Each structure stands twice: as structure tokens, then as C-alpha cells.
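The next block holds one structure in the form of C-alpha cells; read it before the comments.
What follows draws every value from the coordinates through simple rules; no lab data is involved. Because the structure is a prediction, the values reported are computed rather than measured. Reconstructed Cβ throughout: ideal geometry from the backbone, glycine too, with neighbour counts over all protein chains shown.
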Amino acid sequence: MAKQFTVKVNGKSFDVVVEEKAGNAVVSQITPKEEVVETPAFSGEASGTPVVAPMGGMVKDILVKVGDKVADGDVVAIVEVMKMDTEVTAEAAGVVESIQATKGTNLESGATIVTIK
């Protein structure tokens, strides 16, 4: 009789099927699981200056919170593009009005990360 398990290795999940053959447990199938990153829905209209991803990539870190004051040129997020970290900077001074991306989210080029008002 086959048994199915979900195993997490180095932060990645796998579905593993184990069968008993001749009294021994044998792994018959390993399937990587798609990790689904839920992005909270942004409610409301942001009217400030968007800070956008310069290229498509994964959000490695968001360095600001809603309400933080930022200056023009401050680094607000880190996006990993082709295994390289890219600093995303504010293009205007102000206060962080909203955050539209979360750590681990894959973004397309031009996607808004935060909005500054």
C-alpha cells in the first residue's frame, strides 16, 4: 500500500509517495510542490508616486513600512533579478502610503512595489 507525504527540504515542499516492496520502504515518486505566495489585496486607491520594479524578478525584501518617511534615492526594496540583488529606490521624497508587493512575490517589469505620497 502506497503512502503519500509532504516533505519540506531547504524551504521547498515535495510530495513523496512511499511504497512497501519486499518488506522495504521504497520511494516511488517525488514531485516538487508549487509554492503559492498569497499577496494581500490592496484596498483603496493609491494616489502618490509609485515605486516600480525596474525589471521582472522576485521581491527579496521590503525595507519600508506604511507611514515611513523616505527621501529621494532611499532604497525601499530589494528585487532579485537573475540571481543578482537589485536595489529599488524612491524617486520622490515623502511618506510610504501603501505597499503593493510582499516578500517572495514574483513581479513583472514596471509592477508597483510601494507608493509614496
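Table for the structure above
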| item | result |
| --- | --- |
| Lys pairs, the chain - Cα-Cα below 28 angstrom, 8 or more residues apart or on other chains | 29 |
| Ranking of F5, F14 by count of other Cβ atoms within 10 Å, fewest first | F5, F14 |
| Net charge contributed by nearby residues that have their C-beta within less than 14 Å of G73 (K/R +1, D/E -1) | -3 |
| Environment charge of A93, counting only residues whose C-beta is closer than 11 Å and scoring Lys/Arg +1, Asp/Glu -1 | -1 |
| Other-chain or far-sequence residues with amide H under 5 Å of V114's (modelled H) | V51, Q100 |
| Mean Cα-pair separation over length for the stretch 42-99, i.e. relative contact order, pairs under 8 Å, 6 or more apart, % | 38 percent |
| 9 Å beta-carbon shell around I116, net charge (K/R +1, D/E -1) | -1 |
| Relative contact order [Cα under 8 Å, 6+ residues apart], the chain, whole percent | 25 percent |
